[in-house]
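Written below as structure tokens is the structure these notes are about.
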Amino acid sequence: MSSGGRFAKIPVYIRGNYLVKTAIKAAEEYQGQYEYANFELPDEELFLPGHGLCASCTIGVIARHMLKVFGPDTVVINPTGCAEVSTVVYPRTNWGVPWIHVAFGNGGSVASGIEAAIKALKRRGVIDPGRRINVVVFAGDGGTADIGFQALSGMFERGHKVIYVMYDNEGYMNTGIQRSGTTPFGASATTSPAGKKVPGNVTHKKPMAAIAAAHGIPYVATANPAYVHDMVYKFKKAMEVDGPSFIHVLQSCTPGWRFEPKYAIRVLELATETGYWVNYEIERGEFRVTLPVPRRKHVKCFLQLQGRFRHLKPEEVEYIQKVIDRDVEEINRVVGREVIGPVDPSLPCLTERK
Amino acid sequence: MTAQALAPVEKKVAQRRIALTGNHAVALAVKMCRPEVIAAYPITPQTPVVEKLAEYVNNGELDAEYIPVESEHSAMSAVIGASAAGARTFTETSSQGLGHMYENLPIAVGMRLPIVMGMAVRTYSAPINVWGDYSDVMSMRELGWIIYIAQSAQEAFDTVIQAYRVAEDSRVHLPAVVAYDGFWTSHVLQPLDVPEDEEEVMRFAPITRSWVRLDVDNPAQLGAVGTPEWYWEVRWQAVEALRESQKVIEEVDEEFGKWFGRRYGLFRTHRTEDAELVVVTYGSLYGLAKKVADRLRQEGVRAGALRLRVIRPWPGDQLKKALEAAEKVFVIDRAINHGAYLQGPMAMELAATLQRPVYSALATIGMRAIDSDMIYEAALKVLKGLWAPNQTYTIGLRGGYE
Amino acid sequence: MRVETVWLGRGGQGIVTATYIVANAAVIDGFYALANPEFGAERRGAPVKAFLTIDKSPIEDQEPVKTPDVVVIFDDKLIDTMRFAIDAVKPGGHVIVNTAKSPEEMKKIIGRNDVYLVLLDAVGIALKHVGLPVPNGPLAGAFSKVMGFPRLESIKTAFETQLGKAVEENFAATKEAYETALVVPPERVEQAAKPKGVISTTSAFLTGPYEIVGWPEVSKAGAVFPGSSLFYATGGWRLEKPVIDHSKCIMCRKCWMYCPDDAVVEAWKEVQGPRGRVFRMKVIDFDYQYCKGCAVCADVCPTGAIKMVREI
């Protein structure tokens, strides 16, 4: 038993007692193909266990690896959302780095203030000028694409050196699965329910990465926690550029997407394998697909695993497939070669694992 | 602390007399306090403050980060972030701008951040009106900020310096707002004394950095969820700190007097000792109220005037003492408390403090013009019993309750 | 007549829906009812509770139930966590438990001989009829059986208004539970006796063993500090636990990589060689203090070394 005030004495927790000595090494199929194949991560966990996130919530996966890359000299700004209400509930916190939550719609501006303060304090000698302190916003899709959009745009335009990580679970899952600006077409959410007349959400996902790139910021990427190597490599790159960076990370949500908890990673794999989610980066305007998909699965593989799409009629599924085909075509055109291949109906949706 | 105790003291700091508008006086005071981060968004009538500060920064006269944010919501957010990171901060706003940053105002209190905000007051829309009344700052009373209302450019200048010292005191750690009349102070050129050596201001109000900060070497975290089990206790610390701050405000004011030769107290009084009628108001209107009191004295009426300066924390006991002998307390409010028993916000608070009826009137709403004759007429109505207590009358409203 | 009940379960099991259904059905039958769920910041899987009061006359005193007549437990794994509620049941009251265990075993676990035990495999029944492990329909049926109200037809109507779908399936599950729930009567009831405890009004939002202190002692500005979450063991959320067969493990660390709770760890294991030499081998192990049993590790394991097993 311990009171809130006494936690000040507990040092940053390192899982040293388990002698964790693990480096992320790329699985064999990636070796030699990508520059991040042998990227190593430290042992320390800075995102500690004991949180209120749903069982299998991939926010935990993103936050753990994010802090492994950014390290202890990091300040995290966490606007309102699942991550915030589940991880820092007085008197406990899961974060091993300085962390702040102010409100819902101001991740970008709070980060601007913190970044500016660090700059000014370095000039006045309060903080060692040689020390690199990462300012990281960890915000959900609502706090980024909807209510936090203005603050985000202002932060980009003013050029603050802030790493903005958006975990996108495609809705307001914290308040009970309402639709947001990034809810995909056809998804049933509580404010866009699949009704007799309207088949769920009728709008398309807001292209946040493209909008961020339009601000001319030095680094923009999309990532998927099912491909951890790709994700951490992007965090690392974002950390190294001079200026704002934006990483749009897809995050699977058990109660919101309505899949069995154990499929949290599988459903994310399927998002990439079907071309629903393309992992790319835009570095100083140069567009590059970091995870090519030579042959795509049909989008129904991704949709049928989730309860939120269960009501869709075959023609609606085909419509979603067409939209993806069009997007893939556009991506291939921009890249100049076929990085995302055609749909191969022979590919099984779920390969049974042993 | 009343005016009676405010005898002139010997100045410790050499000063020179200059002439500035209220806004520029505030900007100069802020510059002398060396904030590290300034974030602001333009809105009339405060804009000249942030323009001047931007000029100071870009000319290298002030070493600070100036964030030209895209809204007031972001301005307050950015100073909250910067203050949480350990920097001395400043922002300024008015009216709708305050409304836009509203959700962040109580957050700064809960996080105990010593933010100093200037405010050239302006009424709320609609209809849109860019001119000065105190509707905006009055809407901040419930949030936990320290609220100062200054009368002149000199007082606004001095109060900004005092506010930094109070807010950053480890017994306080609360945000403070310094409000002054939009236009009637903000845009009026007035003489004021400022220190010859700017360093004196930093010696008087050094940056303490004693508040809870986001420090990578000792990672405290701010803004945790406060469940019903914890919220009240965490918030109560801010409530107690605000109560405690009154002592600190008086201490700082007294010491400021010793350094710079000017003291203001929690409120100011003019000939109230034996007064049967006391005209209570705030901001630049005090000069008129004093003039009316003098005129009534000449006519044989024992009249006085009182100006509210620190309205949060509310100096209830002191006001009670200062006004206990006065038969009639006539409060001229400069903001509307819509739908309340008395429509003047300060009249309501004074009635509750004194536990007897007060006379209430509204004036300068939307910056409706006023002169001392109008106040004199109103005071006569109170004296003659034409205006009753427990009712709100208006001074200058066409077709109003006169 | 007033019946005060407390419903205990996990986020996502439909506790709130269950109390709404029973309350709604009671209202249809002419009673007054208040279904009063407690909402915390927790997520799916965390323990939650809801109060339901049913009365013949209007209820205005909306306060937490301290000594319930009936406790409904959605998950027999929660008994230890929720023992305070079982202890608070009035003598002669009812404890309704969703369990697949034998009556003798349950009697021992519950540890009270002055209350009615009502046992049913609600998840089993729900899986059979609805195809989902949602025990709320069957538990409503068991409640109706032992209390004598609300009527089954009213529960069906309540399904229509509260769920609006799968009414027949849920009702079939309710009906089966009504018919098959096992009622174990108390050995002896001293009517005048008081329950062993009362449900504290503050426990709902207190997730973790934190000392409740007054305002001068809470940390300034509500600040929290690293390490504090380690007191909050989320292992209690788990229904199944992962176990690993080290002989199949290839140490690819995918399970470690994808664990959202940092509950997959590497540990040193001592193994004896054929000639007696002791080797230290690095192996994957689980931190059951925090593991929520989501089964992601088992799903991503490329060799099938990790299996999920049901916990007692």
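A short reminder: the numbers here are calculations on the coordinates, not readings from a lab. Keep in mind the model is a prediction, meaning the values are calculated, not measured. All Cβ positions, even for glycine, are placed from backbone atoms using ideal geometry, and neighbour counts span all protein chains on display.
Here the Karplus relation 6.51 cos²θ - 1.76 cosθ + 1.60, evaluated at θ = phi - 60°, turns the backbone of segment A:178-194 into coupling constants of 8, 6, 10, x, 10, 5, x, 4, x, 6, 8, 10, 5, 9, 9, x, 5 Hz, with x for every Gly and Pro.
With 28 Å as the limit on Cα-Cα distance, the pairs of A:Lys206/A:Lys236; A:Lys68/A:Lys205; A:Lys262/C:Lys49; C:Lys165/C:Lys307 that go past it are A:Lys68/A:Lys205; C:Lys165/C:Lys307.
Against chain C, whose longest principal axis comes from its Cα atoms, helix C:167-180 is set at around 80 degrees. In segment B:13-260, the DSSP beta bridges split such that about 35 percent are antiparallel, to the nearest 5. Taking the Cα centre of the protein assembly as shown as reference, the dipole from Cβ charges on Lys and Arg (+1) and Asp and Glu (-1) amounts to some 1260 debye. If you plug the beta carbon distance of A:Glu338 and A:Glu286 into 1/(1 + (r/R0)^6) with R0 = 25 Å, you get a FRET efficiency near 0.85. The coefficient of translational diffusion for segment B:267-395, derived via Stokes-Einstein from the alpha carbon Kirkwood radius under 4 °C and 1.567 mPa s, stands at 91 µm²/s. Over all distinct Cα-Cα pairs of chain C, the Kirkwood formula returns a hydrodynamic radius of 21.7 Å. The calculated FRET efficiency for the pair A:Glu330 and B:Glu103, based on their C-beta separation and a Förster distance of 51 Å, comes to about 0.80.
Using the beta-carbon distance between C:Arg277 and A:Asp73 and R0 = 51 Å, what value does 1/(1 + (r/R0)^6) give for FRET efficiency, to the nearest 0.05?
Details: r = 44 Å, r/R0 = 0.87.
In this case the efficiency is close to 0.70.
List the lysines whose Cα lies under 18 Å from the Cα of B:Lys321, skipping any in the same chain that are fewer than 8 positions away. Excluding near neighbours in sequence, the set is B:Lys247. Please work out the Cα center distance from segment B:333-364 to segment C:228-259, rounded to the nearest Å. Result: 64 Å between the Cα centres. Each of B:Thr44, A:Ser56, A:Ile320 was scored by the projection of its Cα onto the charge dipole of the protein assembly as shown, and the greatest displacement toward the positive side belongs to A:Ser56; charges sit on the C-beta of Lys, Arg, Asp and Glu. In 5 Å bins starting at zero, report the fraction of Cα pairs in segment B:134-200 per bin as a rounded %. In order of increasing distance, the bins hold 3, 16, 22, 21, 19, 12, 6, 1 percent. In plain terms, if you count all Cα to Cα distances in segment C:233-310 and split them into 5 Å steps from zero, the share in each step is 3, 16, 26, 22, 15, 9, 5, 3, 0 percent.
Of the residues C:Ile125, C:Ser102, C:Thr234, the one whose Cα sits farthest toward the positive end of the charge dipole of segment C:95-246, with +1 on the Cβ of Lys and Arg and -1 on the Cβ of Asp and Glu, is C:Thr234. Between helix C:15-28 and chain C, what is the angle of the helix's C-alpha long axis to the longest principal axis, kept within 0 to 90° and rounded to the nearest 10? The answer is roughly 10 degrees. In segment B:267-395, a dipole from Cβ-located charges (positive for Lys and Arg, negative for Asp and Glu) runs towards its positive end, and of B:Pro345, B:Phe267, B:Gln391 it is B:Phe267 whose Cα lies farthest in that direction. Comparing Cα centroids, segment A:193-236 and segment A:310-354 end up 16 angstrom apart. Per residue of peptide C:229-239, the mean number of Cβ atoms on other chains within 10 Å of the residue Cβ is 5. Pairwise Cα distances in segment C:78-150 exceed 17 Å in 48 percent of cases. Scattering from the protein assembly as shown was approximated by placing one identical point on each alpha carbon and applying the Debye formula without solvent; log10 I(q)/I(0) at 0.07, 0.09 1/Å stands at -0.75, -1.10.
Kirkwood hydrodynamic radius for chain B: how many Å is it when counted over pairs of different Cα atoms?
Numbers: mean 1/r = 0.0467 Å⁻¹.
Result for chain B, one decimal place: 21.4 Å.
For segment C:21-91, the list of chymotrypsin sites (Phe, Trp or Tyr not before Pro) that fall in a loop by DSSP and count at most 15 other C-beta atoms within 10 angstrom reads C:Phe39. Compute the long axis of helix B:47-58 from its Cα atoms, compare it with the longest principal axis of the Cα atoms of chain B, and write down the angle in degrees, 0 to 90, nearest 10. Roughly 30 degrees between the two axes. Inter-part distance, segment B:100-115 to segment B:39-94, computed on C-alpha centroids, equals 15 Å.
If you bin all the Cα-Cα distances of chain A at 20 Å, starting from zero, the percentages per bin are 29, 60, 11, 0.
So which trypsin sites (Lys or Arg not before Pro) in segment A:209-284 pass both tests, a DSSP loop state and at most 16 other Cβ atoms within 10 Å of the Cβ? Please report the intermediate quantities before stating the final value.
Details: sites: A:Lys234, A:Lys236, A:Lys237, A:Arg258, A:Lys262, A:Arg266, A:Arg284; in loops: A:Arg284.
Passing sites in segment A:209-284 are A:Arg284.
How far apart, in nanometres, would the label points at B:Glu327 and C:Glu38 be if each is projected 7 angstrom from Cα along the Cα-to-Cβ direction? Modelled inter-label distance: 6.1 nm.
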